[in-house]
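Quick notes on the structure that follows.
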Amino acid sequence: MNIPEHIAIIMDGNGRWAGKRHLPRIMGHRRGVESVKNITKACVNLGVKYLTLYAFSTENWNRPRKEIRSLFKLLDNFISTQIRLFNENNVRIYFIGDRKKIDPEIRKKMEKIERDTKDHKKLILNIALSYGSRQEILSAVKALSGEVKNGLISPDDIDEKVFSKHLYTKHCPDPDLLIRTSGEMRVSNFLLWQISYSEIYVTPKLWPDFGEKDLEKAIEEYQHRERRFGK
Ligand code: FPP
């Protein structure tokens with residue numbers, strides 16, 4: 001079958017989806033949450049083991065305050081109401097990113113849903129929130145420098161495996177497939193280290209329109225690619 005073990009998605013195009021319908025941007029994000037639920041279930045059914053979704057980047061903090069507030073309200077609502085989806089589908093939640101900037105009340109809920117789903121094994125759903133790959137790499141470098149300084153590790157022992165274990169994604173293999181919706185050909189500071197050998201699939205579909213059939217199409221194309229890992 002060759003189902004990708006780990007799929008990462010840059011969920012783009014919510015704003016354009018709303019704009020086309022003369023609706024406020026937040027309506028696009030709201031429909032985007034429906035796609036998140038559908039794609040999570042589809043991944044469970046297809047046997048994907050890890051799904052990583054780019055929900056809010058470090059750069060997104062520069063968006064208008066009103067949009068940021070609405071986005072976090074949607075996220076808050078998603079984690080508070082979807083426990084049934086996670087329980088029924090055996091989904092474990094992780095948040096990856098810099099939590100320091102996130103409202104402490106929401107942070108507590110994030111920690112709670114991580115605890116409440118910790119025994120689920122079918123799918124690991126990583127939600128990248130306040131996430132930036134350069135920031136992630138820098139914090140790994142800082143942590144490793146500290147370990148060297150304290151004599152816990154020698155510089156010669158720092159290899160790719162050790163470095164990967166200092167990233168937010170230490171609990172996952174690298175993504176096999178990276179999907180970006182809405183046609184943009186960019187990686188936008190997402191998982192820069194981890195996608196070194198991922199297959200990239202870009203679709204013109206906007207995220208709120210991206211459904212199970214579109215995911216299957218992406219996987220089908222992935223299955224026809226020959227992965228050589230530089231060999
Ligand atoms: C990109 O669309 C999307 C985002 C910045 C946010 C993604 C968030 C969600 C789908 C909802 C919440 C997520 C979860 C996990 C519950 P854009 O606003 O950049 O669209 P545009 O490029 O068309 O303006």
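State yes or no: is Thr52 farther than 30 Å from Pro24 by Cα, open to solvent by less than 30 Å² (accessible area, probe 1.4 Å) and either among the polar types (S, T, N, Q) or in contact with a Gly (Cβ under 6 Å, 6 or more places away or on another chain) (or both)? Spell out how you get there, then give the answer.
Numbers: farther than 30 Å from Pro24 by Cα: no; open to solvent by less than 30 Å² (accessible area, probe 1.4 Å): yes; either among the polar types (S, T, N, Q) or in contact with a Gly (Cβ under 6 Å, 6 or more places away or on another chain) (or both): yes.
No.
Going residue by residue through segment 61-70, is there one that turns out to be outside any strand (DSSP E or B) and within 22 Å of Glu212 (Cα to Cα)? So that I can check it myself, show each step before the final result.
At the first step, the residues of segment 61-70 found to be outside any strand (DSSP E or B) are 61-70.
Okay, now just the ones that are also within 22 Å of Glu212 (Cα to Cα), so none.
No, there is no match, as no residue in segment 61-70 is outside any strand (DSSP E or B) and within 22 Å of Glu212 (Cα to Cα).
Can you find even one residue in segment 142-156 that is in contact (Cβ under 8 Å) with a residue 12 or more places away in the chain and among the β-branched types (Val, Ile, Thr)?
Let us first name the residues in segment 142-156 that are in contact (Cβ under 8 Å) with a residue 12 or more places away in the chain, namely 143-144.
With among the β-branched types (Val, Ile, Thr) added as a condition, the list becomes none.
The answer is no; no qualifying residue exists.
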task: Take the residues in segment 22-33 that are open to solvent by 80 Å² or more (accessible area, probe 1.4 Å) and assigned to a helix (DSSP H, G or I), then tell me which one is nearest to Asn60 (Cα to Cα).
output: Arg25
task: Find the residue count for segment 158-201, including only residues that are among the acidic types (Asp, Glu), part of a loop (DSSP other than H, G, I, E, B) and more than 15 Å from Leu53 (Cα to Cα).
output: 2
message: Return the pair list, or none, for Cβ contacts closer than 6 Å from residues in segment 165-183 that are open to solvent by 30 Å² or more (accessible area, probe 1.4 Å) to residues that are within 13 Å of the ligand (Cβ to nearest atom), at least 6 apart or on different chains.
response: Tyr168/Ile96; Gly183/Pro204
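The values are calculated or read from the model by the stated rules, or taken from the named source; none is laboratory data. Nothing here was measured: the structure is a model prediction, and the numbers come from that model. We place every Cβ from the backbone using ideal geometry, glycine too, and count neighbours over all the protein chains shown. What goes into the accessible areas is simple: the full protein's heavy atoms, side chains included, and nothing from ligands, DNA or RNA. Shrake-Rupley method; radii C 1.70, N 1.55, O 1.52, S 1.80 Å.
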